[in-house]
Amino acid sequence: MTQRTRCLAAGLICGVLSASAWAEPVVSLLKLTETREVVKEKSSFDGWNTGIKLKLRVSGDEIKGARQYGKIKIDKAVDDAGTDLTKNTGDRPMRSPDQMDEVQKPFGNEKKPEGVEFEVELPNLPARSAKTLTLVQGSITLIVGGEQKFVKVPKLGSHLGETVESPDLKA
């Protein structure tokens, strides 16, 4: 599987894709949730649930067959009042920048979703006077193509620290 990095015109996502021709993927906003909290008694977890959560979908011919996504990084997010929404104002935990996740397969009789859906958290709240997000810019890595392989290792506990040899692991 060959890989190459391309950036989308929407300025939201860069993906690692394996293909020879490039067609622009489409990024769609599925849901935006803004959460504010009023704290009556201070605790060390204050502010962890505040911010903006975006549910996005990236779709297109190049995205079909995506197996994994991750390494999501938001470089810039601004509302129409000029507020930097990427600034983490507290010690709130954030998604690991190196985390990769499997693309969810349909459950039961569900229709297979078009593209890859994922969530992005913007830790800072927009200004109360803000009406829109004017810019969300960042990147995501997508692994497309190839196949998932399973290797059975008998008596795994007795092989700890050893290299596993299997023809299925050879490229």
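The values are calculated or read from the model by the stated rules, or taken from the named source; none is laboratory data. Predicted model, so just to flag it, every value in this text is computed and none were measured. Every residue, glycine among them, receives a Cβ derived from its backbone with ideal geometry; neighbour counts consider all protein chains shown.
See the values below:
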| quantity | calculated |
| --- | --- |
| Residues of segment 121-171 satisfying the condition of being of a type in the set (Ser, Thr, Tyr) and without any contact (Cβ under 8 Å) to a residue 12 or more places away in the chain | Ser158, Thr163 |
| Pairs with Cβ under 7 Å, 6+ apart, first in segment 29-40 and over 30 Å from Ser59 (Cβ atoms), second in a loop (DSSP other than H, G, I, E, B) and not hydrophobic (A, V, I, L, M, F, W, C) | Arg36/Thr50; Glu37/Asn49; Glu37/Thr50; Val39/Asp46 |
| Qualifying residues in segment 137-150 (those that are at pLDDT 80 or above and either in a loop (DSSP other than H, G, I, E, B) or among the polar types (S, T, N, Q) (or both)) - the one surrounded by the fewest Cβ atoms within 10 Å (Cβ to Cβ) | Gln137 |
| Filter result for Ala19 (over 19 Å from the mean Cα position of the chain (by Cα), of a type in the set (Gly, Ala, Ser) and either modelled with pLDDT of 75 or more or surrounded by 11 or more Cβ atoms within 10 Å (Cβ to Cβ) (or both)) | yes |
| Filter result (part of a loop (DSSP other than H, G, I, E, B), modelled with pLDDT of 80 or more and touching a strand residue (DSSP E or B) at 6+ places or on another chain (Cβ under 8 Å)) within segment 22-57 | Pro25 |
| So Lys73, is it within 10 Å of the chain's Cα centre (by Cα) and either under 19 Å from Thr132 (Cβ atoms) or at pLDDT 85 or above (or both) | yes |
| Scan of segment 122-136 for residues that are surrounded by fewer than 17 Cβ atoms within 10 Å (Cβ to Cβ) and of a type outside the set (A, V, I, L, M), ordered by number | Arg128, Ser129, Lys131, Thr132, Thr134 |
| Pair list, Cβ < 7 Å and 6+ apart or interchain, from segment 69-90 residues that are farther than 17 Å from Thr50 by Cα to residues that are at pLDDT 90 or above and of a type in the set (D, E, K, R) | Asp80/Lys131 |
| Failed condition for Asp98, given (1) in contact with a helix residue (DSSP H, G or I) (Cβ under 9 Å, 6 or more places away or on another chain); (2) within 27 Å of Pro25 (Cα to Cα) | (1) |
| Condition broken by Lys131, with the remaining ones in (1) in a loop (DSSP other than H, G, I, E, B); (2) under 18 Å from Leu56 (Cβ atoms); (3) modelled with pLDDT of 85 or more satisfied | (2) |
| In segment 99-110, the residues that are surrounded by 10 or more Cβ atoms within 10 Å (Cβ to Cβ) and part of a loop (DSSP other than H, G, I, E, B) | Gln99, Val103, Gln104 |
